[in-house]
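Accompanying notes for the structure given below.
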There are 4 protein chains.
Amino acid sequence: MFSLLQGIKMSVKVAINGYGTVGKRIADAVDQQKDMEIVGVSKRTPTYEAELAAEKGFPFYAASDKYLKAFDEKDIPVEGMFDEMLEVADLIVDATPKGAGYKETFEKAGIKAIWQGGEKHSLTGLSFNSMANYEEAYGADYVRVVSCNTTGLLRTLYPIHVDIGFDKCNAVMIRRSADPWDTKRGPINSIDPVLNIPSHHGPDVQSVVPDIDIQTTAVKVPTTLMHLHSVIVDLKEDVDTDHILKLWEKTPRIKFFEASQGVDSTAKIMEWAKDRGNFRGDLNEIAVWKDGTQVKDGTLYYYQAIHQESDIIPENVDAIRSMMEMEEDKMKSIQLTNAGMSIE
Amino acid sequence: MFSLLQGIKMSVKVAINGYGTVGKRIADAVDQQKDMEIVGVSKRTPTYEAELAAEKGFPFYAASDKYLKAFDEKDIPVEGMFDEMLEVADLIVDATPKGAGYKETFEKAGIKAIWQGGEKHSLTGLSFNSMANYEEAYGADYVRVVSCNTTGLLRTLYPIHVDIGFDKCNAVMIRRSADPWDTKRGPINSIDPVLNIPSHHGPDVQSVVPDIDIQTTAVKVPTTLMHLHSVIVDLKEDVDTDHILKLWEKTPRIKFFEASQGVDSTAKIMEWAKDRGNFRGDLNEIAVWKDGTQVKDGTLYYYQAIHQESDIIPENVDAIRSMMEMEEDKMKSIQLTNAGMSIE
Amino acid sequence: MFSLLQGIKMSVKVAINGYGTVGKRIADAVDQQKDMEIVGVSKRTPTYEAELAAEKGFPFYAASDKYLKAFDEKDIPVEGMFDEMLEVADLIVDATPKGAGYKETFEKAGIKAIWQGGEKHSLTGLSFNSMANYEEAYGADYVRVVSCNTTGLLRTLYPIHVDIGFDKCNAVMIRRSADPWDTKRGPINSIDPVLNIPSHHGPDVQSVVPDIDIQTTAVKVPTTLMHLHSVIVDLKEDVDTDHILKLWEKTPRIKFFEASQGVDSTAKIMEWAKDRGNFRGDLNEIAVWKDGTQVKDGTLYYYQAIHQESDIIPENVDAIRSMMEMEEDKMKSIQLTNAGMSIE
Amino acid sequence: MFSLLQGIKMSVKVAINGYGTVGKRIADAVDQQKDMEIVGVSKRTPTYEAELAAEKGFPFYAASDKYLKAFDEKDIPVEGMFDEMLEVADLIVDATPKGAGYKETFEKAGIKAIWQGGEKHSLTGLSFNSMANYEEAYGADYVRVVSCNTTGLLRTLYPIHVDIGFDKCNAVMIRRSADPWDTKRGPINSIDPVLNIPSHHGPDVQSVVPDIDIQTTAVKVPTTLMHLHSVIVDLKEDVDTDHILKLWEKTPRIKFFEASQGVDSTAKIMEWAKDRGNFRGDLNEIAVWKDGTQVKDGTLYYYQAIHQESDIIPENVDAIRSMMEMEEDKMKSIQLTNAGMSIE
């Protein structure tokens, strides 16, 4: 079943810088792809996440000498130093809080690199979403995968933009304030508006697709599970609700839910993902409520929920494939990525 | 200083049906007005709220015989039965969960009545907001004061509607899920969208001002303090942000906050209200962030926060004054109400 | 009653009544055992949980005619009626909110039954915990598996009771108020004490091991993830902390965590369980903090965290094995159950 | 600078360092006392709290030149510099996060000083609770008022210690994680145990009354309103529950609540305090549930709730009176303080 070439392991060698919420997920997703492999992971402190990664056999590389002792005390083997990891990898995915600082190092090492949405567009000049601009990243050296919220907006808006077009989109982002594991961050009982109007999410969408007209406002609320967007789109054409639903049905990484299934909250979506057996209970797709979608007098209203920890993971995998020129066709890459990650 | 008429106490006699979150606040607000007095309060169970009301000297009337014993056991004096309360009052304010059921009783007793926003518009055919339609309620027998959210929308939108006009308003309501005392209701960690699109809030605004074009969507979030609205208004005229702020400055019951004061969340607004010495820490005004308000290409964006327990209280007092024909001029009634309630 | 083939397969046929938080987990756990199989599941409404169960191939049986239509509309096949399920099963596990009402039906059908800890001890006269009284349930017809909190207390206290003995245990239960999916229940921002002192958890421990001296108090707090117990035990012998830790090390279904791994909260424990790849992110073991355990002047202090949705699941599996006389040795059953469920 | 009349008023001049949660409350409490006055308040940033204090007429003193401009921009008058405030005051109450650093400055200025419970006992060598050791502080120069939790434990335990005595007390502190206004701090959905066993609260009680035998453990939970303690006391004498309740009835600053009044949670206690008209909705007393108190076989079990923002405020006022030798009798000082602060 495997070709000769596959037999001799034409797999792309990927390193991960930062093994937290995003880094650990990208590592697993890459590990699940047939045409990629993890050759190194870098993490400063030997937490339980490092222990579990070591059990999987991911080779750890130390950021500097001073962290070696701590890993040693926890009996987590260290393969080498950070610089050595850059030598064995074809591409590095940065998933650290302040990844921009590594750019010079990566350039010197002559390694391709992906950053996450916390960095600015100007770092790479190329902001990525699989459906919207996979081709643009083909062969590129440096790519930024946009944030979870921007990815969510692009997943549902881009097909409408292409198929029907819209004059203007207003999206209100109701943001979870901390990830489930993050016990330091509040608020415990408050709604905090992002007073900068419009919020940065609109321009971030435009960093991928410049001609989308979008304004966003945002609030933070005391929940950890998912972001939720209330989106209002002035369509160029007065199609019916069904037209939009059908459009999304054929778009990858959009998953429908309905109140009639008992799924009427972000909590129930997360329960569904756990019950389905998704690893870590993740939901890589954007959740859209079928019965919360409606076109009224040419305006489309819908709600979507974003699993902030995981929706960008498949985009990272696709970005690797495009940058490494492993697959020209975006749909084929999406299919491969989804298959590896058990996305429907 | 007092006129002869005031000397002989021309105060309107008000009864309160239901002494919970809203009822207790209306009772206190009426009690603080020079031209009104509380002649009776009806409550089923002798909770701490009844104890505190008895200490204030509000006369309790029993809904039926079966509740008398419980009040007796708590040493809370009962003045008489519910029907007797209707005889001594000029007007009754219903603040029970299901007030519609009392309408027949009130009609038979020949007493004027106010209901709250939980009831349908059709119950009275007259839905009330002080600035928007005070005059309509003049002399009316039955009035419904609209809900906290609708009141909030009308406070800020009505002056724009009159002064500039707008083509369309989209408001996303981020709703607190339970009042601070209400420990039964969740969610604890979830965002629950109101999947009926548009939500009922838009039509409710139109029950007061039919020619306002507004669509609303809503989500529930795990907080108890305030609702928050993200409002987007397509103005008929491209005025600047300052124009809007000046308009609101001269509108009663709108209160500005700014992040530069350290007020960047609903929690901080509530802290301000407590620090100011507001009774119960209430905020009867609608809170608007000056630095969260912006006109961009003819579209107005703003956030407002609604203290769900108390913003409708002054409207109830004004409604009494209009229905009882105590004051023809809405601005004078608003001024009187505000003065009694220590609203700036 | 058993066919030849079934005889060869030697797997016990289990039915599940109620397919919610507990029912769905028991179904999966039974399904993972080599010596058991799910022959039927009964659930009233065709929610997403039913859809996912149908995808797994669990046969649905309808509680009554009136639910058939709803299942039909969702294209979920129904195998038969509830009574028919009782005929094909050897044992039924009740996981409904009010399971006591089914006892007569089960008796008439001549089927063995397990109930959960929400039921009273008197329903079966036999309350179960794998380590404490596996043998008592051997061949029994009706067994009650005690609640998540009681199971947690027994897991850690029973080995101390046997090995060292203790004069008295005081446990304060800090209870999560709702399961993650349960968006109806509060409080959002409150601590609610259980004013009945002592709480019911102490006597419930004694329903399994009568000679344990334990008093418990309890509060409810606004979190969904896990219960946490602060336990204080007056030991009969002044052993050192290490003695206790070694005792627990050899006890099944106790899992140590440490702050030095970065696991200093219930949130981090749940993150660990997700990262480990546990199905649904469950933790069937009781979590004990090694660095939160200390013996001081003959008194043992420790914290333990209980994953309320899943700690009782392996006990249900063991109870089936004991009741069906499949295995006499508790340690062997525990090992089998753990192996099937991927518990370390 | 001071007039003859001020001399006749004999009021003690108090300065406040730090005008946050605690500082602003002490300022108001001192302001309400007939024998004390606020002569200065120092705060770094001109937030809304500064605005409201300025409206009350509290004179602001600037911590350094660099803050003057910001106050000027907000039109908040500044009376002088920090050093000048120390000259006009008899005593300063420190309510800053890191107050220990000021000790040298206060010593040089020759001014008496009070610190809060965040500082170490060794800073003053004298830790204070009104009932337990008022006399010790008589004439003292430097006093530390213990933390909210320690104050709570002393309020209810000290009378038992004196009247009956106890062998040992175990208290489990279920702590609110952030104050209501504090939107930065989490957790949003977690229980975080304090793994150091025993927690610091026990020794802190002993810093006031060394011969009390107490061990404490603590957890943090996602609520903002109040701390709650589950307390277990091995009494020296087997008195009945009523004995304990009567003891507390005659102890100042303990307030009973009962579930039969509808007060079954910290949220309802806070609602009661708001309804009673307490300034800021504070509760200066320790809340004890009458129906959550029980003596069982010589062991006393009770729950108490602590309003972390305000229970220590009257102790600060009493400490001033003792240190300034204004009143020798603790009961008289307590009575004066309570009267000024409208504590029952």
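Details
- Residues considered: C:Glu325, C:Glu271, C:Glu258. Of these, the only one that is over 19 Å from D:Val219 (Cβ atoms) and of a type in the set (D, E, K, R) is C:Glu325.
- In segment C:206-221, the residues that are of a type in the set (Ser, Thr, Tyr) and either in the same structural domain as C:Ser127 (by TED's automatic domain parsing) or crowded, with 24+ Cβ neighbours inside 10 Å (or both): C:Thr216, C:Thr217
- Residue count for segment D:87-138, restricted to those that are out of contact with any helix residue (DSSP H, G or I) (no Cβ under 7 Å at 6 or more places or on another chain) and part of a loop (DSSP other than H, G, I, E, B): 10
- Boolean, A:Lys66 is part of a loop (DSSP other than H, G, I, E, B) and exposed (fewer than 15 other Cβ atoms within 10 Å of the Cβ): no
- Yes/no for B:Phe71 being without any contact (Cβ under 8 Å) to a residue 40 or more places away in the chain, buried (at least 19 other Cβ atoms within 10 Å of the Cβ) and touching a Pro at 6+ places or on another chain (Cβ under 8 Å): yes
- Looking only at segment A:29-45, residues that are touching a residue at least 40 places away in the same chain (Cβ under 8 Å) and farther than 22 Å from A:Lys74 by Cα come to 7 in all.
- Test set (1) within 16 Å of the chain's Cα centre (by Cα); (2) over 20 Å from D:Ile16 (Cβ atoms) - D:Glu328 fails condition number: (1)
- Only one of the numbered conditions (1) at the interface with another protein chain (Cβ under 9 Å from one of its Cβ atoms); (2) without any contact (Cβ under 8 Å) to a residue 24 or more places away in the chain; (3) not β-branched (Val, Ile, Thr) is not met by A:Glu249, and that is (1).
- Flag for B:Val231 being within 29 Å of D:Pro187 (Cα to Cα) and not basic (Lys, Arg): no
- Given (1) of a type outside the set (A, V, I, L, M); (2) surrounded by 22 or more Cβ atoms within 10 Å (Cβ to Cβ); (3) touching a helix residue (DSSP H, G or I) at 6+ places or on another chain (Cβ under 8 Å), index of the condition D:Thr266 fails: (3)
- Count of segment C:14-35 residues which are within 21 Å of C:Ala178 (Cβ to Cβ) and of a type outside the set (S, T, N, Q): 8
- Residue match in segment C:8-23 (condition: farther than 24 Å from C:Met323 by Cβ, at pLDDT below 95 and either within 14 Å of chain A (Cβ to nearest Cβ) or assigned to a helix (DSSP H, G or I) (or both)): no
- The residue that is farthest from the other protein chains (Cβ to nearest Cβ), counting only those in segment B:24-52 that are β-branched (Val, Ile, Thr) and assigned to a helix (DSSP H, G or I), is B:Val30.
- Selection from segment B:43-58 of residues that are more than 17 Å from D:Gly262 (Cα to Cα) and surrounded by 19 or more Cβ atoms within 10 Å (Cβ to Cβ): B:Phe58
- In the set D:Ala137, D:Ala171, D:Ala178, only one residue is of a type in the set (Gly, Ala, Ser) and touching a Phe, Trp or Tyr at 6+ places or on another chain (Cβ under 6 Å); that residue is D:Ala137.
- Filter pass, C:Ile254 being away from chain D (no Cβ under 11 Å) and within 17 Å of C:His307 (Cβ to Cβ): yes
- Note on segment D:83-99: among residues that are out of contact with any Gly (no Cβ under 8 Å at 6 or more places or on another chain) and surrounded by 18 or more Cβ atoms within 10 Å (Cβ to Cβ), the one that is farthest from D:Ala63 (Cα to Cα) is D:Leu91.
- Qualifying residue in segment B:202-211 (condition: in contact with a strand residue (DSSP E or B) (Cβ under 8 Å, 6 or more places away or on another chain) and farther than 23 Å from A:Val172 by Cβ): yes
- Per the listing D:Val146, D:Val239, D:Val233, the residue uniquely more than 10 Å from every other protein chain (Cβ to nearest Cβ), more than 19 Å from C:Tyr301 (Cβ to Cβ) and crowded, with 22+ Cβ neighbours inside 10 Å is D:Val146.
- Tabulated pairs, segment C:225-246, first more than 20 Å from D:Val233 (Cα to Cα), second hydroxyl-bearing (Ser, Thr, Tyr), C-beta under 7 angstrom, 6+ apart or interchain: C:Leu225/C:Thr266; C:Leu225/D:Ser190; C:Met226/C:Thr266; C:Leu228/C:Thr266; C:Leu228/C:Tyr303; C:Thr241/C:Thr293; C:Ile244/C:Thr293; C:Leu245/C:Thr293
- Given (1) among the aliphatic types (A, V, I, L, M); (2) within 25 Å of C:Asp90 (Cα to Cα); (3) crowded, with 24+ Cβ neighbours inside 10 Å; (4) over 18 Å from the mean Cα position of the chain (by Cα), index of the condition C:Val172 fails: (2)
- For segment A:175-211, taking the residues that are in contact with a Gly (Cβ under 9 Å, 6 or more places away or on another chain) and farther than 28 Å from C:Ile188 by Cα, the one that is nearest to the other protein chains (Cβ to nearest Cβ) is identified as A:Ile197.
- Filtered residue count, segment C:281-291, keeping only those that are surrounded by fewer than 23 Cβ atoms within 10 Å (Cβ to Cβ) and facing another protein chain (nearest Cβ under 7 Å): 2
- Residue in segment C:294-303 that is surrounded by fewer than 24 Cβ atoms within 10 Å (Cβ to Cβ) and away from chain D (no Cβ under 14 Å) present: no
Listed here are the residues, each with its yes/no results for (1) at pLDDT below 95; (2) of a type in the set (Val, Ile, Thr); (3) buried (at least 22 other Cβ atoms within 10 Å of the Cβ).
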site	(1), (2), (3)
A:Val162	no, yes, no
A:Phe166	no, no, no
A:Asp192	no, no, yes
A:Asp204	no, no, yes
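- Residue in segment B:153-164 that is in a loop (DSSP other than H, G, I, E, B) and closer than 29 Å to C:Pro222 by Cα present: no
- Looking at D:Val317, D:Val295, D:Val263, just one residue is touching a residue at least 60 places away in the same chain (Cβ under 8 Å) and over 19 Å from D:Asp28 (Cβ atoms), and that residue is D:Val295.
- Residue in segment D:259-271 that is under 23 Å from B:Gly20 (Cβ atoms) and more than 11 Å from chain C (Cβ to nearest Cβ) present: yes
The values are calculated or read from the model by the stated rules, or taken from the named source; none is laboratory data. Fair warning: this is a prediction, and the values are worked out from it, not measured in the lab. Note: ideal-geometry Cβ built from the backbone for every residue, glycine included; neighbour counts use all protein chains shown.
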